[in-house]
Amino acid sequence: MAPAMSDIMTPDAAELARVAPGHGKAAAESVSPERDLFVGLTRLGDNTLILGHRVSEWCGHSPILEEDIALANMALDLIGQTQLWLGLAGQVEGAGRDADALAFRRDAWDFRNLLLVERPNGDFGHTLMRQFLFDAWHQPMLAALQGSSDARIAEIAAKAAKEVAYHVERSADLVIRLGDGTEDSHQRMQAALEALWPYTGEMFLGDPTDARLAEAGVMPAPEGLRAPWEASVTAVLAEATLVRPASAFAHKGGKQGRHTEHMGHLLTSMQWLQRSYPGAKW
Amino acid sequence: MYAQMVKSEATNEDPALLAAFQARIDAGEKIEPKDWMPEGYRQTLIRQIGQHAHSEVVGQLPEGNWITRAPTLERKAILLAKVQDEAGHGLYLYCAAETLGVSRDDLTEALLAGKMKYSSIFNYPTLNWADIGAVGWLVDGAAIVNQVALQRTSFGPYARAMVRICKEESFHARQGYHAIMQMAFGTPEQKAMAQDAVNRLWFPAMMMFGPSDKDSVHSAQSMAWKIKINTNDELRQKFVDQTVPQILYLGLDLPDPGLVWNEARGHYDFTEPDWSEFYDVLKGNGPCNADRMAARQKAWDDGAWFRDGLMAHARKAAARKMAAE
């Protein structure tokens, strides 16, 4: 007969339980303006990196050649923006990490992208709806960042805003056309909207880092982006004859490093070469 | 070379018209879509341009295979730009084919039904990251040798498409060579990857030019019509001569022991590819034929609702516009 297993418990269990669960190294680090800036920049760069990755998965598999071209182009824009945001994040951090080190050698708990952008592609309707819901946030976000008190951020935002103006024009147009297309396309777009809706609320939830960045005029408070997003989404859904889901429930945690199960798989393929051959130059 | 083994159509038109047409070709004039042309010329071009376009589209797959695993952000961006270019080339070429009276959907359905081909090279897999460099350098390098010649082809839309495509292909070949150079001069593992890629892709790249013209029943008419400008053997030799010094510069072993400089000919001698393998690939028995076609079929089938939705919306929008007027 196997021996009985008693409860194993440390004396400082209560103190340990108070530490925010699920956080990686990020949770243990002290607060400073540089640290806040680094976190804010990785949030921006991780969004574009992970969404760019997802979009690039369509390469050669989309419904029509024009979409293959458009998707590659968007992924390219997003990866280009990633190079700028993570490049600046590495500079601000001052620990010798460049954009590649941040992209390819952090584990999931140190990624700070919204959960929305790591959602799997699903059918083409899901991919388009995810893009539109993100673009409709990305555009006012970049508009606000162009007024950042940090000139480096304003400069990157100005460049990215030109690209994203096209992204939102395209994704909104396709959501409208497919929502108001056939019965089948309508149902697929409605299903995509309902599946992704619970991942939109996270875009507008601030945390103390966001509050300090907003206070310093570096980045906008997330809460303030809701009104322009709502205006854009409401107008597009109406024209698309799609029904806005009633639930206000929001999945959250991506910005703080708590991700979905999909994130580890995404990073496994993305980081594989860098991890397998450390120190190699490519 | 993205078109191989293109069968020339026989033609039975009025001898006077044919002679006048041939005189225009011989004088170096470009044939434009609205000009009279022999039916055989039209059908041969549809087959060649269509095959070329399909190759660009299917060619996204072996390269797309590595986009999500590209080792740096810059390499990822370059690869995305390159694959986007390939899709764009497919689009120009389908448009050039459309000027001959065939729709893109017709061509796509012929591809999926197995009635049209794409280049044999895309039935080979990309197995390590160096393959992406090798595809740019060797595969696009071989394509450029052919496509530069096709800038002088007699059909205006095809010739003009080639001018633009060659500019982009030159960037592809340079970035591919740069990527593989980084690896050949990198760690021992990276150099091994580069060698493996060259060893595997060398003969398939040589096959891109098609079998020797001695064995080609289709070349004579296509050359008379200037649909084809050089023989397969001339182009293959040009490719070998320009590529061998590049392999030597990388410090890699030559993938063929028969590659020897022949002073008397002023060219490299080389071993012919295994043509039985080439014919197997054309018959559908290459390492990736089934996977490539399954991927294209799935994209087409899964995308039907999307294409139908856009068409339905366009009809509704047109009806609303009519009602408002």
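Can you find a residue that is part of a helix (DSSP H, G or I), within 18 Å of the chain's Cα centre (by Cα) and at pLDDT 95 or above anywhere in segment A:234-248? No: segment A:234-248 contains no residue that is part of a helix (DSSP H, G or I), within 18 Å of the chain's Cα centre (by Cα) and at pLDDT 95 or above. When B:E74, B:E109, B:E39 are checked against the criterion of being surrounded by fewer than 19 Cβ atoms within 10 Å (Cβ to Cβ) and either modelled with pLDDT under 95 or out of contact with any helix residue (DSSP H, G or I) (no Cβ under 9 Å at 6 or more places or on another chain) (or both), a single residue qualifies: B:E39.
Considering only segment A:155-163, I want to know if a residue exists there that is more than 20 Å from the chain's Cα centre (by Cα), surrounded by fewer than 22 Cβ atoms within 10 Å (Cβ to Cβ) and part of a loop (DSSP other than H, G, I, E, B). Step through it out loud before you land on a result.
First, the residues of segment A:155-163 that are more than 20 Å from the chain's Cα centre (by Cα): A:155.
Now narrow it down to the ones that are surrounded by fewer than 22 Cβ atoms within 10 Å (Cβ to Cβ): A:155.
Next, from what is left, pick out any that are part of a loop (DSSP other than H, G, I, E, B): none.
No, segment A:155-163 contains no residue that is more than 20 Å from the chain's Cα centre (by Cα), surrounded by fewer than 22 Cβ atoms within 10 Å (Cβ to Cβ) and part of a loop (DSSP other than H, G, I, E, B).
Based on what the data block shows, is B:A130 away from every other protein chain (no Cβ under 11 Å) and not hydroxyl-bearing (S, T, Y)? Spell out how you get there, then give the answer.
Working: away from every other protein chain (no Cβ under 11 Å): no; not hydroxyl-bearing (S, T, Y): yes.
Considered against the rule, which asks whether it is away from every other protein chain (no Cβ under 11 Å) and not hydroxyl-bearing (S, T, Y), B:A130 comes out as no.
Restricting segment B:116-145 to residues that are in a loop (DSSP other than H, G, I, E, B) and touching a helix residue (DSSP H, G or I) at 6+ places or on another chain (Cβ under 6 Å), the residue that is farthest from B:Q43 (Cα to Cα) is B:N128. Put simply, of A:R152, A:R130 the only residue that is of a type in the set (K, R) and either surrounded by fewer than 23 Cβ atoms within 10 Å (Cβ to Cβ) or within 14 Å of chain B (Cβ to nearest Cβ) (or both) is A:R152. For A:A248, are the conditions met, namely being crowded, with 21+ Cβ neighbours inside 10 Å and in contact (Cβ under 8 Å) with a residue 24 or more places away in the chain? Here the answer is no, as A:A248 does not meet what is asked.
Note on segment A:222-243: residues that are within 19 Å of A:A191 (Cβ to Cβ) and free of Cβ contacts under 8 Å to residues at least 12 places away in the same chain total 1.
For B:V139, state whether it is of a type outside the set (G, A, S), within 19 Å of B:S55 (Cα to Cα) and without any contact (Cβ under 8 Å) to a residue 40 or more places away in the chain. Show your work before the answer.
Working: of a type outside the set (G, A, S): yes; within 19 Å of B:S55 (Cα to Cα): yes; without any contact (Cβ under 8 Å) to a residue 40 or more places away in the chain: no.
Answer is no for this residue.
The residues listed here are B:A97, B:A161; of these, the one that is away from chain A (no Cβ under 14 Å), farther than 30 Å from A:R97 by Cα and aliphatic (A, V, I, L, M) is B:A161.
Conditions tested, residue by residue: (1) under 30 Å from B:M311 (Cβ atoms); (2) more than 14 Å from chain B (Cβ to nearest Cβ); (3) surrounded by 13 or more Cβ atoms within 10 Å (Cβ to Cβ).
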position: A:A191; (1), (2), (3): yes, no, yes
position: A:A195; (1), (2), (3): yes, yes, yes
position: A:S232; (1), (2), (3): yes, yes, yes
position: A:A240; (1), (2), (3): yes, no, yes
position: A:K252; (1), (2), (3): no, yes, yes
position: A:T260; (1), (2), (3): no, yes, yes
position: A:T268; (1), (2), (3): no, no, no
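Looking across segment B:43-57, the residues that are more than 8 Å from chain A (Cβ to nearest Cβ) and either without any contact (Cβ under 8 Å) to a residue 24 or more places away in the chain or of a type in the set (A, V, I, L, M) (or both) come down to B:L45, B:I46, B:I49, B:A53. For B:A264, indicate whether it is among the hydrophobic types (A, V, I, L, M, F, W, C), out of contact with any Asp or Glu (no Cβ under 6 Å at 6 or more places or on another chain) and within 10 Å of chain A (Cβ to nearest Cβ). Answer is no for this residue. Restricting attention to segment A:166-181, which residues are within 12 Å of another protein chain (Cβ to nearest Cβ) and either touching a Cys at 6+ places or on another chain (Cβ under 9 Å) or surrounded by fewer than 18 Cβ atoms within 10 Å (Cβ to Cβ) (or both)? Matches in segment A:166-181: A:D173 only.
Filter segment B:118-127 down to the residues that are touching a Phe, Trp or Tyr at 6+ places or on another chain (Cβ under 7 Å) and either away from chain A (no Cβ under 14 Å) or surrounded by 23 or more Cβ atoms within 10 Å (Cβ to Cβ) (or both) and list them by number.
At the first step, the residues of segment B:118-127 found to be touching a Phe, Trp or Tyr at 6+ places or on another chain (Cβ under 7 Å) are B:119-120, B:126.
B:S119, B:S120 - these are the residues of segment B:118-127 that are touching a Phe, Trp or Tyr at 6+ places or on another chain (Cβ under 7 Å) and either away from chain A (no Cβ under 14 Å) or surrounded by 23 or more Cβ atoms within 10 Å (Cβ to Cβ) (or both).
For B:D26, the conditions (1) away from every other protein chain (no Cβ under 14 Å); (2) crowded, with 17+ Cβ neighbours inside 10 Å all hold with the exception of (2). Looking at segment B:280-294, which of its residues are small (G, A, S) and either exposed (fewer than 12 other Cβ atoms within 10 Å of the Cβ) or in a helix (DSSP H, G or I) (or both)? Listed by number, the residues that qualify are B:G284, B:A290, B:A294.
Output the helices (runs of 4 or more DSSP H) that fall wholly within segment A:30-126 and possess 3 or more residues being within 12 Å of chain B (Cβ to nearest Cβ), under 15 Å from the mean Cα position of the chain (by Cα) and modelled with pLDDT of 95 or more, or say none. Outline the logic, then answer.
Working: elements: A:33-56, A:65-93, A:99-104, A:115-118.
In segment A:30-126, A:33-56, A:65-93 are the helices (runs of 4 or more DSSP H) which contain 3 or more residues that are within 12 Å of chain B (Cβ to nearest Cβ), under 15 Å from the mean Cα position of the chain (by Cα) and modelled with pLDDT of 95 or more.
Somewhere in segment A:203-214, is a residue part of a loop (DSSP other than H, G, I, E, B), without any contact (Cβ under 8 Å) to a residue 60 or more places away in the chain and touching a Lys or Arg at 6+ places or on another chain (Cβ under 8 Å)? Yes.
Here B:L252 meets each of (1) assigned to a loop (DSSP other than H, G, I, E, B); (2) under 17 Å from the mean Cα position of the chain (by Cα) with one exception, condition (2).
The values are calculated or read from the model by the stated rules, or taken from the named source; none is laboratory data. Owing to the predicted nature of the structure, the values given are computational and were not obtained by experimental measurement. Heads up, the Cβs are rebuilt from the backbone with ideal geometry, glycines too, and the neighbour counts pull from every protein chain shown.
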